[in-house]
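Participant: I'd like to ask some things about the structure below.
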Amino acid sequence: MSPPSVIVGLLRRPPGVARYDLLMSHLELDHWLETVPDATRVAEFVEGPGIRRLSTPRFDVDRLTEELGRVLDAVDYDQSYGEWGFGTLPVTRRPGTDGRDPVDLSGRFWIRPDASYTEIARDDIVDEAGYTEMLPEFEGTYFEQIVAELREIAPIGRVRVNTKSVFNCNSWHRDPEPRLHIPIITNPGALFVVNHHCTHLPADGSVYFTDTRGYHTALNGGDDPRVHLIAALAI
């Protein structure tokens, strides 16, 4: 706690100084300093508003990692948004397309980008229900099985594998629809934030519901890229 001389000094300040407010701030700081943050559980998932973990299904992350490696031997991530720190590998597509048009890789979002705090819309509206086909490189793979299982529990639109660069953060924005995340490769510094709730999403085979209709971002504060399978809900 504060040495008595410090408190006495605050109380002896001239009448024109807000002595009581200064004293209370000092006592608050003392209390906060006595409570050391818990640094042992930062790699765990903490459920909160806008971020939930589904009880089922669960998937084999080792198998996902292995099959992703084989796909990447044939095709690479699209780097159209590489300057923003992420690459995109489409898993589903609209019939008659290659799945790599701008609307396939990004799509409508809203952002408050500057000191005016004004919200603006960017990019085009996406018809999530139109993404009915698997990309050829994913046909017959474990990814196709996962997409089929996800479609049994929710209407699924675009499905993509997104990689997040090291020491990088997405924009603070909101989307028209929620997303399901299946972490494939991650690290404790890879975090997801929805509104005021922040947590790590471990690569434990779980499916995580993220209500990205709220303002959100993803960041990677680790030494290795973060890789997630992400499915947009066609609502």
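A quick yes/no check of all residues on (1) under 22 Å from V147 (Cα atoms); (2) without any contact (Cβ under 8 Å) to a residue 12 or more places away in the chain:
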| residue | (1), (2) |
| --- | --- |
| G48 | no, no |
| R53 | yes, no |
| L89 | yes, no |
| T97 | yes, yes |
| D104 | yes, no |
| R108 | no, no |
| P113 | no, no |
| S116 | no, yes |
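Participant: So is A121 surrounded by fewer than 14 Cβ atoms within 10 Å (Cβ to Cβ) and modelled with pLDDT of 95 or more or not?
Facilitator: Numbers: surrounded by fewer than 14 Cβ atoms within 10 Å (Cβ to Cβ): yes; modelled with pLDDT of 95 or more: yes.
Yes; evaluated as a whole, the condition is true for this residue.
Participant: Can you name the number of the only condition in (1) outside any loop (DSSP other than H, G, I, E, B); (2) of a type in the set (F, W, Y); (3) in contact with a Lys or Arg (Cβ under 7 Å, 6 or more places away or on another chain) that Y20 fails?
Facilitator: (3)
Participant: One residue is enough: does segment 197-208 have a residue meeting the conditions hydroxyl-bearing (S, T, Y) and under 28 Å from T118 (Cα atoms)? Walk me through it before giving the result.
Facilitator: Keep residues of segment 197-208 that are hydroxyl-bearing (S, T, Y), which gives 199, 206, 208.
Subsequent filtering for residues that are under 28 Å from T118 (Cα atoms) retains 199.
Yes.
Participant: Are any residues in segment 128-152 closer than 18 Å to R94 by Cβ, surrounded by 12 or more Cβ atoms within 10 Å (Cβ to Cβ) and free of Cβ contacts under 8 Å to residues at least 24 places away in the same chain, and if so, which ones?
Facilitator: Across segment 128-152, the qualifying residues are P136, E144, R151.
Participant: Oh, and also: Being farther than 20 Å from A190 by Cα and of a type in the set (D, E, K, R) is the filter here, so list the residues in segment 61-86 that pass it.
Facilitator: Selection gives R63, E66, E67, R70, D73, D76, D78.
Participant: I need the full set of residues from segment 149-164 which are more than 23 Å from D204 (Cβ to Cβ) and either outside any strand (DSSP E or B) or not small (G, A, S) (or both), in order please. Please lay out each step first, then the result.
Facilitator: Quick first cut of segment 149-164, residues more than 23 Å from D204 (Cβ to Cβ) only: 155, 157-158.
If the condition is that a residue be more than 23 Å from D204 (Cβ to Cβ) and either outside any strand (DSSP E or B) or not small (G, A, S) (or both), then P155, R158 are the ones that fit.
Participant: Keeping to segment 128-148, report how many residues are touching a Pro at 6+ places or on another chain (Cβ under 7 Å), in a loop (DSSP other than H, G, I, E, B) and of a type outside the set (A, V, I, L, M).
Facilitator: So the answer is 1.
Participant: Residue under question is V166, and the condition is that it be over 20 Å from T212 (Cβ atoms) and either assigned by TED's automatic domain parsing to the domain that holds E67 or in contact (Cβ under 8 Å) with a residue 12 or more places away in the chain (or both); does it hold? Can you show your working first?
Facilitator: Working: over 20 Å from T212 (Cβ atoms): yes; either assigned by TED's automatic domain parsing to the domain that holds E67 or in contact (Cβ under 8 Å) with a residue 12 or more places away in the chain (or both): yes.
So V166 fits the description; yes.
Participant: Sort out for me the strands (runs of 3 or more DSSP E) sitting completely within segment 23-122 that have 2 or more residues that are on the phi < 0 side of the Ramachandran plot and touching a Leu at 6+ places or on another chain (Cβ under 9 Å).
Facilitator: Details: elements: 51-53, 86-90, 109-111, 120-122.
Hits in segment 23-122: 51-53, 86-90.
Participant: Which members of segment 80-97 meet the condition of being surrounded by 12 or more Cβ atoms within 10 Å (Cβ to Cβ) and not hydroxyl-bearing (S, T, Y)?
Facilitator: In the first step, residues of segment 80-97 are kept if they are surrounded by 12 or more Cβ atoms within 10 Å (Cβ to Cβ); the result is 80-82, 84-94, 97.
Listed by number, the residues that qualify are G82, W84, G85, F86, G87, L89, P90, V91, R93, R94.
Participant: Please work out which one of (1) among the charged types (D, E, K, R); (2) surrounded by fewer than 19 Cβ atoms within 10 Å (Cβ to Cβ); (3) closer than 26 Å to D124 by Cβ is the condition D175 fails and give its number.
Facilitator: Result: D175 passes all but (2).
The values are calculated or read from the model by the stated rules, or taken from the named source; none is laboratory data. Only a predicted model underlies this, so the values are computations on that prediction, with no experimental measurement involved. Cβ: placed from backbone, ideal geometry, glycine included. Neighbour counts: every protein chain shown.
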